[in-house]
Amino acid sequence: MSLEQVNNFYNLLTSEPAIYDQYYKKCCSQGFFGSCHWDKAKIVRFAASHGYSFNETELDQVWFESESSLVDNSLNLAKSGNFS
């Protein structure tokens, strides 16, 4: 259920630019060369302020599962020779 909460939270961010701007300003620390360092504790608190309930571990799960599926899809495309 909480993984669904993470996904729903990110759906909110992609559909509401004003909320995304708040999220970016509150949860991202600017690093060198404009890189963004996301603070998971701040993300969890920000999400909770909008009615979503999940923890940092669940946030990591969604982040890394997404990366894993993107890598898997890329590898499958490379193996089949179907590059877009």
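A short reminder: the numbers here are calculations on the coordinates, not readings from a lab. If you're wondering where the values come from, they're calculated on a predicted model, not measured in any experiment. Every residue, glycine as well, gets a Cβ built from its backbone with ideal geometry; the counts of neighbours run over all protein chains shown.
Here are some notes:
- Taking a sphere under 13 Å around the Cβ of VAL6 and counting the other residues whose Cβ falls inside, with K and R at +1 and D and E at -1, yields a net charge of -4.
- With N the number of residues in the stretch 1-60, Rg(Cα) / (2.2 N^0.38 Å) evaluates to 1.10.
- Nitroxide proxy distance, nm - points 7 Å out along Cα→Cβ at CYS28 and ARG45: 1.9 nm
- The local environment of ARG45, defined by Cβ-Cβ distances under 12 Å, has a net charge of +1 under the rule Lys, Arg +1 and Asp, Glu -1.
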